[in-house]
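The structure under discussion appears below in the form of structure tokens.
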Number of protein chains: 2
Amino acid sequence: MAHVLVHMAYHDGAATSDTIARMLNTNPVVVRRTMAGLRDRGYVTSGKGPRGGWRLTRPLEDLTLLDVHQALETASVFTIGPTADHAECPVEHLANRAIAGAMAQASAALEAALARVRLSDILAEGQALRVAMDQGRPHRCPDTAVVEAQ
Amino acid sequence: MAHVLVHMAYHDGAATSDTIARMLNTNPVVVRRTMAGLRDRGYVTSGKGPRGGWRLTRPLEDLTLLDVHQALETASVFTIGPTADHAECPVEHLANRAIAGAMAQASAALEAALARVRLSDILAEGQALRVAMDQGRPHRCPDTAVVEAQ
DNA sequence: TGAAACGTAACTTTGACTATTACGATTCTG
DNA sequence: CAGAATCGTAATAGTCAAAGTTACGTTTCA
């Protein structure tokens, strides 16, 4: 999604779910479901009807990867974690607490790292690319020429 | 598994896959598959035949949660991560790099936190429990009386 | 020798996530 | 106003990896 938001910033007009779906090799309904999280937080707006679609409400400087992540987050970020096989076993309890503590530290580190990256920073490492996009020269995702065309 | 290893340390003789499976509410084959990772690293040994089963090869002081985690790790620890929808889109490339960087930092934090916890530390917070276990008074996982019995 | 264990391949089940279909509601344009 | 373009969302189906099962071979002890 970060990828999509960057494209949107350099794209005139709204981006339809259909267009974005092609960018992500997925389906417009999935895009709507996903973008809904961003809309709930006010980062984008959606419009119906012709000329409708999705628009950024703020510059890329004002969005961090953490913002995006939290807007989309559904479940835990980790594939591991404490279990509840025997909730009453005191050994398991203590083990779970130790593991949860480690995960909390990792989680905090992840959020801090994501918060450090503004979406505008993403292009910073690709100077040539940024210049091209600032000048309106269309950049295209392969196989989705539609996206930046128009 | 950390939970199981602690139990094993206070348990005379070997623990069979079947016994461990009951502790985890799972199946002996799954236990063997999982314990294999620990055996490969030399943290436990397995024996066949009567009196066979799993045994710790070292005291809990010499095992950290990181050791256990790395022994069992199969895939990524994260449920999120960079995609490869359009490998050739430079914007996606840069976005992926930024995300991968954040994940690497979180991953390092997780490993550091896990490394700080020795399995012997797990019982440290439950003094009364530790004393009971040190004195050989059987502690039992509910529904798995078998485990510490004998 | 026979029962107790592990080792492992093969197959099945489960569950979460993704994709699809369908249809209603809204909005723009001519 | 008609009609097409879009989003919103419920319901259903598909996908895939992890977990669970079954089956059977091998080893080891008494």
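The values are calculated or read from the model by the stated rules, or taken from the named source; none is laboratory data. For clarity, every value in this text was computed on a predicted model and none was experimentally measured. Here the Cβ is made from the backbone with ideal geometry for all residues, glycine too, and neighbour counts use every protein chain on show.
Is at least one residue of segment A:47-62 part of a strand (DSSP E or B) and loosely packed, with under 14 Cβ neighbours inside 10 Å?
Residues of segment A:47-62 that are part of a strand (DSSP E or B), as a first pass: A:47, A:53-56.
Narrowing the set further to residues that are loosely packed, with under 14 Cβ neighbours inside 10 Å leaves A:47.
Yes, segment A:47-62 has at least one match.
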*When the residues of segment B:71-91 are filtered to those that are at the interface with chain A (Cβ under 8 Å from one of its Cβ atoms) and of a type in the set (D, E, K, R), which remaining residue is surrounded by the most Cβ atoms within 10 Å (Cβ to Cβ)?*
B:D85
*Considering only segment A:34-65, how many residues are within 16 Å of DNA strand C (Cβ to nearest atom), within 14 Å of another protein chain (Cβ to nearest Cβ) and in contact (Cβ under 8 Å) with a residue 40 or more places away in the chain?*
0
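Hey, among the residues in segment A:5-32 that are within 20 Å of A:L63 (Cα to Cα) and assigned to a helix (DSSP H, G or I), which one's nearest to DNA strand D (Cβ to nearest atom)? Step through it out loud before you land on a result.
Filtering segment A:5-32 for residues within 20 Å of A:L63 (Cα to Cα) gives A:5-15, A:20, A:31-32.
From the residues that got through so far, the ones that are assigned to a helix (DSSP H, G or I) too are A:5-9, A:20, A:31-32.
Working: A:L5: 14, A:V6: 18, A:H7: 14, A:M8: 11, A:A9: 17, A:I20: 8, A:V31: 8, A:R32: 4 Å.
Going through the qualifying residues, I end up with A:R32.
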_Please pick out the residue among A:A98, A:A145 that is over 14 Å from the mean Cα position of the chain (by Cα) and modelled with pLDDT under 90._
A:A145
*asked:* Between a residue in segment A:103-116 that is within 7 Å of chain B (Cβ to nearest Cβ) and any residue that is polar (S, T, N, Q), which pairs come within a Cβ distance under 6 Å, given they are 6 or more apart or on different chains?
replied: A:A109/B:Q105; A:A113/B:Q105
_Residue list for segment A:1-44, filter: surrounded by fewer than 17 Cβ atoms within 10 Å (Cβ to Cβ), polar (S, T, N, Q) and closer than 23 Å to A:G136 by Cβ_ = none
*Can you name the condition, by its number, that B:A71 falls short on among (1) outside any helix (DSSP H, G or I); (2) under 30 Å from A:L114 (Cβ atoms); (3) small (G, A, S); (4) in contact with a helix residue (DSSP H, G or I) (Cβ under 7 Å, 6 or more places away or on another chain)?*
(1)
_Flag for A:V68 being within 16 Å of DNA strand C (Cβ to nearest atom), of a type in the set (A, V, I, L, M) and more than 7 Å from chain B (Cβ to nearest Cβ)_ = yes
